[in-house]
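Just below is one structure, and these are the notes that go with it.
Only the coordinates and a few stated rules stand behind these numbers; no lab work does. Model, not experiment: these values are computed from the prediction. Cβ atoms come from the backbone with ideal geometry, glycine included; neighbour counts cover every protein chain shown.
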Amino acid sequence: MTTEQPDGIREEVRQYLAGHLGRQVPDDENIFAVGLVNSLFAVQLVTYVERQFGVVVETDELDLRNFCSVDAITGYVAGKTASAVG
């Protein structure tokens, strides 16, 4: 499990999304609401988070609010890694 700081998480998520979406997205932009994400990419995004950051996304955590933006993903991962360490 990684114990990265939020800024490091944020940068990795930015790079991943830019590479897969073909453009930079503002940290607070809801990538689902603006139509950048389809159901297949949503699954890929969850898989990326699990593999990249060494967390397990539980079924009850599969909520768009956890994955809708760079800010949301960063907060989710930071919370998961902090609770695993603390």
A careful count of residues in the range 11-40 that are farther than 14 Å from S69 by Cβ and crowded, with 16+ Cβ neighbours inside 10 Å gives 1
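Let's see how each residue does on (1) among the small types (G, A, S); (2) more than 18 Å from S83 (Cβ to Cβ); (3) in a loop (DSSP other than H, G, I, E, B); (4) in contact (Cβ under 8 Å) with a residue 12 or more places away in the chain:
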| site | (1), (2), (3), (4) |
| --- | --- |
| V13 | no, yes, no, yes |
| Y16 | no, yes, no, yes |
| G19 | yes, yes, no, no |
| A42 | yes, yes, no, yes |
| Y48 | no, yes, no, yes |
| V55 | no, no, yes, yes |
Across the range 51-67, the tally of residues that are surrounded by 14 or more Cβ atoms within 10 Å (Cβ to Cβ) and closer than 17 Å to E12 by Cβ stands at 7
Among (1) free of Cβ contacts under 8 Å to residues at least 40 places away in the same chain; (2) surrounded by 11 or more Cβ atoms within 10 Å (Cβ to Cβ); (3) in contact with a helix residue (DSSP H, G or I) (Cβ under 9 Å, 6 or more places away or on another chain); (4) not basic (K, R), G8 falls short only on (3)
TODO: Could you check, for the range 12-23, whether at least one of its residues is within 17 Å of G79 (Cα to Cα) and either of a type in the set (S, T, N, Q) or under 11 Å from the mean Cα position of the chain (by Cα) (or both)?
DONE: yes
Flagged in the range 41-50 as crowded, with 16+ Cβ neighbours inside 10 Å and closer than 11 Å to V77 by Cβ, in numbering order, are Y48, V49
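Just checking, does the range 55-77 include any residue being within 9 Å of the chain's Cα centre (by Cα) and charged (D, E, K, R)?
Looking for residues that are within 9 Å of the chain's Cα centre (by Cα) and charged (D, E, K, R), one finds at least one in the range 55-77, hence yes.
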